[in-house]
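What follows is one structure encoded as structure tokens, with my remarks underneath.
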Amino acid sequence: MDIEEFGDLLFHYPYRYFDRTQLNKVSSISKEGEYVQIVGTIVNILEEGVGRKKRLVATLYDDTGRIELVWFQGAQWMKKSLKENETYIVFGKAALFNGVFNIPHPEVDPWNTATAKAGMQPLYPTTEKLKSQGLTNRSFAKLTQVLFEKIRPADIPEVLPAQIINEYQLCDRYHAIKWIHFPDSETHMQAARHRLKWEELFASQLTIARLRQQHIIQQGWKFEKVGDHFNRFFKECLPFELTNAQKRVIKEIRVDTVTGKQMNRLLQGDVGSGKTIVAVMSMLLAIDNGFQACLMAPTEILAQQHFQSIRKMLDKMQIPVALLMGSTKGKERKDTLKGLAEGAIPIIIGTHALLEEKVQFKNIGLAVIDEQHRFGVGQRARLWTKNETPPHILVMTATPIPRTLAMTLYGDLDVSVIDELPPGRQEIKTIHRTDMSRPKVMEFIRSEIDKGRQSYIVYPLIEESEKMDYENLEAGYEQVKVFFPEHKYRIAIVHGRQETDLRERNMQRFVSGDAQLLVATTVIEVGVDVPNATIMLIESAERFGLSQMHQLRGRVGRGGEQSYCVLLTGNRLSEDSTLRIKTMTSITNGFTIAEQDLAMRGPGELYGTKQSGIIKFKLADIVADAAILEQARNATVQLIADDPALIKPDNQSLKSLLTKRTSQANWSKIS
Ligand code: ADP
Ligand code: MG
């Protein structure tokens with residue numbers, strides 16, 4: 001448990017407390033999962049079952065009834081420590097088995113006058129293995145108690161500057177740690193937890209801020225002027241008026257790139273918010289200053305789409321734009337590589353093929369990365385090694401990261417947001433239907449297709465059961481063919497088990513309009529633009545996460561026609577699924593949906609941050625403690641402005657907060 005010395009015990013916090021004065025009766029237990037504390041007599045201590053089902057069962061009774069206490073692990077140890085016909089106080093979580101309540105693995109203590117009088121008792125995290133050795137949730141309390149008898153306030157010195165303690169009304173560190181283990185009242189317990197959460201979040205904000213400072217020292221190219229290309233494009237070639245959000249973001253990029261430091265900016269904008277034009281104008285800025293620029297997309301189809309649309313936009317300005325992908329071969333490839341190395345190609349669009357060793361730039365000044373989450377951090381870092389001075393990096397994503405999460409991952413200072421859609425967009429109608437209505441839904445799709453539109457039909461893909469999902473998709477495909485007979489309709493199918501070539505070819509059939517229906521797993525999630533597609537049908541929608549459904553929905557509504565997103569589910573939905581479906585049908589704003597997703601699933605499940613283990617706070621929860629996070633961020637900004645190198649005497653102790661959190665280093669650089 002990472003407890004090696006006594007001092008570590010101080011930071012092994014209780015996960016909850018029980019108040020010895022709050023007692024329940026056996027007959028009052030009313031629902032599963034409820035924590036109960038009962039005083040009663042134990043009788044009938046028996047071992048039941050054989051092999052892996054072996055367990056220890058003891059019956060506890062009070063004046064209202066009886067209930068079974070069950071141990072699956074550590075049975076031997078428990079059996080030795082329990083005595084029949086003695087009175088115990090028992091604490092645990094009620095479980096329901098065959099319609100009868102029991103308490104698995106309860107905490108059990110002999111009931112005597114001392115236990116009766118004790119106040120709030122801490123319960124500590126432990127493991128089954130430790131428990132079976134007798135180191136239970138409560139044993140830690142005994143150890144910590146012994147420790148505290150030897151500790152004086154001076155042994156736990158304050159680390160936060162007095163000014164912060166005052167401004168945010170935090171309790172001192174010694175008392176925070178004392179009270180979190182042994183609170184003498186609910187108020188003190190809350191004060192202690194608040195202070196320690198505050199310290200945790202502040203430590204992480206400060207660490208990010210410091211990393212950012214070191215990083216800012218990284219030299220970058222200076223884009224000194226806004227030149228002819230940018231201006232001419234703005235005046236003559238812009239196909240529409242920029243939204244205010246787009247203008248603001250371009251300005252932010254402009255400010256970053258004149259500092260002489262390397263830019264590392266994350267651009268978030270909902271699907272269809274118009275990120276591409278921001279990329280194009282940033283690239284023009286690079287060209288104006290004599291640099292090359294690249295735009296990297298996660299798939300060949302996306303790269304191709306970008307290539308075509310950007311080439312068209314820049315046609316009039318006679319700026320050469322090239323495309324480089326894995327499938328670019330022969331002379332074309334040779335010419336492109338040559339053009340890049342010599343500087344004849346100012347703008348290159350491509351896939352991760354751009355990262356290969358062979359690709360050398362004359363002077364790359366800006367790299368734009370579209371739909372960031374498809375690339376690994378390592379892959380992105382490779383862009384750095386192309387030249388001695390790294391290019392400015394702009395990462396664009398349509399998967400919004402809620403502000404609280406952005407703050408904990410990056411500090412939010414390098415994040416730009418396009419929070420406004422171009423004018424005149426029709427809202428996508430989102431509808432929930434159950435399986436029973438499938439024929440009607442299919443009829444509706446048919447009527448749209450007969451009007452000349454296209455439709456997506458998407459099936460879930462969950463990695464653990466890939467085979468089953470594939471079977472679902474196949475079955476679904478057969479079913480779709482019943483509604484859309486092959487002699488009359490053209491259907492393309494796309495899934496992760498296909499060879500990349502075939503997949504891209506099938507996808508292309510849909511993009512070109514040849515196929516009217518695309519039956520697919522979630523591989524189409526990101527970025528493709530088929531303005532003629534007006535329906536997104538999501539099968540088994542209850543199995544999709546919120547952000548994922550929102551991404552899928554963003555595939556339609558890209559043309560002038562009214563578009564629809566249909567969520568098909570079974571009849572019976574869990575509470576969570578119901579909430580997700582309801583959120584989808586009532587909310588269209590991607591940021592609101594992302595916040596909701598974060599609140600429902602927690603940060604660990606989202607954005608692949610679980611593996612990296614970076615948002616592991618002992619106490620703080622970035623959703624529930626968003627207000628504290630905001631305070632910690634403000635305090636950090638103020639502190640760094642006042643004492644950037646942390647040299648003031650008052651701030652010396654803060655350095656101890658910084659050391660341990662090296663795992664965040666990767667994330668401090670968006671690129
Ligand atoms: P995304 O942010 O999803 O990448 P795109 O850049 O592909 O969005 O833009 C979506 C569509 O909106 C494109 O067809 C683009 O031409 C159009 N668009 C972008 N900005 C504007 C604007 N300011 N006014 C009108 N249409 C715009
Ligand atoms: Mg895009």
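As a test of reading the structure, rank D621, D270, D184 by solvent-accessible area (1.4 Å probe, protein chains only), most first.
Details: D621 65, D270 20, D184 110 Å².
Output order, biggest surface exposure first: D184, D621, D270.
Give the ranking of V417, V255, V458 by solvent-accessible surface, highest area first, calculated with a 1.4 Å probe.
Details: V417 40, V255 90, V458 0 Å².
These residues rank, largest area first, as V255, V417, V458.
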Item to complete: Within the chain, what's the longest run with no chymotrypsin sites (Phe, Trp or Tyr not before Pro) in a DSSP loop and at most 15 other beta-carbon atoms within 10 Å? Give the range, please.
Response: 241-671
Discussion item. Counting only protein heavy atoms and a 1.4 Å probe, tell me what percentage of the range 6-150's accessible area is made up of carbon and sulfur.
Written reply: 52
Item to complete: Any aspartates and glutamates with Cα under 16 Å of the K312 Cα? List them, leaving off those in the same chain fewer than 8 positions away.
Response: E236, D529
Worksheet item: Expressed as a rounded percentage, what relative contact order does the chain have, with Cα pairs under 8 Å and six or more residues apart?
Response: 13
Discussion item. So for the range 429-587, averaging the separation of alpha carbon pairs under 8 Å that are six or more residues apart and normalising by length, what relative contact order in percent results?
Written reply: 33
Practice prompt. Please give the per residue accessible area of the range 429-587, computed with a probe of 1.4 Å over protein heavy atoms only, in Å².
Written response: 46
Worksheet item: For the chain, what is the mean residue ellipticity at 222 nm derived from helices alone (per DSSP H run of n ≥ 4: -39500 (n - 2.57); sum divided by total residues; nearest 500 deg cm²/dmol)?
Response: -11500 deg cm²/dmol
Discussion item. With θ taken as phi - 60° and the coefficients 6.51, -1.76 and 1.60, list the Karplus ³J(HN,Hα) couplings across the range 400-409 in order, rounded to whole Hz; mark glycine and proline as x.
Written reply: x, 9, x, 4, 4, 6, 4, 4, 6, 7
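May I ask you to list the trypsin sites (Lys or Arg not before Pro) in the range 136-215 that are in a DSSP loop and have at most 16 other Cβ atoms within 10 Å of their Cβ?
On the way: sites: R138, K142, K150, R173, K178, R193, R195, K197, R210, R212; in loops: R138, K150.
Here the sparse-neighbourhood loop sites are K150.
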Worksheet entry | Per-residue HN-Hα couplings for the range 473-490 [Karplus 6.51, -1.76, 1.60; θ = phi - 60°; Hz; x = Gly/Pro] | 5, 4, 4, x, 4, 4, 5, 4, 5, 5, 6, 10, x, 5, 6, 10, 10, 10
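List the trypsin sites (Lys or Arg not before Pro) in the range 10-115 that DSSP assigns to loop (not H, G, I, E or B) and whose Cβ has at most 16 other Cβ atoms within 10 Å. Which are they?
Here the trypsin sites (Lys or Arg not before Pro) that fit, given the DSSP loop and packing criteria, are K25, K31, K54, K83.
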Worksheet item: If Lys and Arg each add +1 and Asp and Glu each add -1, what is the summed charge of the other residues whose beta carbon sits under 10 Å from the beta carbon of Y489?
Response: +2
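Averaging sequence separations of C-alpha pairs under 8 Å and six or more residues apart, then dividing by the length of the range 228-418, give the relative contact order as a whole percent.
Working: 298 pairs, mean separation 61.2, N = 191.
Relative contact order, the range 228-418: 32 percent.
Express the carbon and sulfur contribution to the solvent-accessible surface of the range 429-587 as a percent, rounded to the nearest whole number, probe 1.4 angstrom. Write out the running numbers ahead of the final one.
Working: 3370 of 7250 Å².
On the range 429-587, the fraction of accessible area on carbon and sulfur atoms equals 46 percent.
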Item to complete: Quote the accessible area belonging to I301 in square angstrom, nearest 10, computed with a 1.4 Å probe and with ligands, DNA and RNA left uncounted.
Response: 10
Worksheet item: Using a cut-off of 19 Å between alpha-carbon atoms, which aspartates and glutamates can reach K222, once sequence neighbours fewer than 8 places away in the same chain are excluded?
Response: E252, D256, D288, E388, D414
Worksheet item: Counting Lys +1, Arg +1, Asp -1, Glu -1, what net charge surrounds P122 among other residues with beta carbon under 13 Å of its beta carbon?
Response: +3
Response to the item:
The answer for K261, listing residues at least 5 apart or on another chain whose modeled amide H is closer than 5 Å to its amide H, is G220
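Quick one: grab the alpha carbon gyration tensor of the range 429-587, order the square roots of its eigenvalues as a ≥ b ≥ c, and give me rounded if a/c is under 1.5, else prolate or oblate depending on whether a/b is larger than b/c. Walk me through the intermediate numbers first.
Values: a/c = 1.38, a/b = 1.18, b/c = 1.17.
Here the range 429-587 falls in the rounded category.
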Fill in: Neighbour-limited loop hits for GluC sites (Glu not before Pro), the range 392-459 (at most 12 other Cβ within 10 Å; DSSP other than H, G, I, E, B)
E427
Response to the item:
Net charge near A322 (other residues with Cβ under 11 Å of its Cβ; Lys, Arg +1; Asp, Glu -1) is +1
Item to complete: Only bridges with both residues in the range 6-150 count here: give the DSSP antiparallel percent, nearest 5.
Response: 90
Worksheet, complete the sentence: The long-range amide H neighbours of A515, using H built 1.01 Å from N in the peptide plane and a cut-off of under 5 Å, are F510
Worksheet item: What do you reckon, how do S540, S273 stack up by accessible area (1.4 Å probe), largest on top?
Response: S540, S273
Worksheet item: Using modelled amide H (1.01 Å from N, peptide plane; none on Pro or chain starts), what sits under 5 Å from the amide H of A322, excluding residues fewer than 5 places away?
Response: I347, I348, I349
Fill in: Whole-Hz couplings from phi, Karplus 6.51/-1.76/1.60, listed for the range 635-651; x for Gly and Pro
4, 5, 4, 5, 4, 5, 5, 7, 8, x, 9, 6, 9, 5, x, 4, 9
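Let me make sure I get this right: for the chain, a, b and c are the square roots of the gyration tensor eigenvalues over alpha carbons, sorted descending. Under 1.5 in a/c it's rounded, otherwise prolate if a/b > b/c, else oblate. Which is it? Working shown, then result.
On the way: a/c = 2.63, a/b = 1.47, b/c = 1.79.
Judged from the Cα gyration tensor, the chain comes out oblate (a/c at least 1.5, b/c at or above a/b).
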Worksheet entry | Prolate/oblate/rounded label for the range 161-296 (Cα gyration tensor, a/c 1.5) | prolate
Worksheet item: Which lysines does K150 reach when only Cα atoms under 19 Å apart count, and residues fewer than 8 places away in its own chain are ignored?
Response: K142, K178
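The values are calculated or read from the model by the stated rules, or taken from the named source; none is laboratory data. All values derive from a computational prediction rather than experimental measurement. Virtual Cβ from ideal backbone geometry, glycine too; neighbours counted across all protein chains shown. When the accessible area is computed, the model is the full protein with side chains, heavy atoms only, and any ligands, DNA or RNA have been set aside. Shrake-Rupley method; radii C 1.70, N 1.55, O 1.52, S 1.80 Å.
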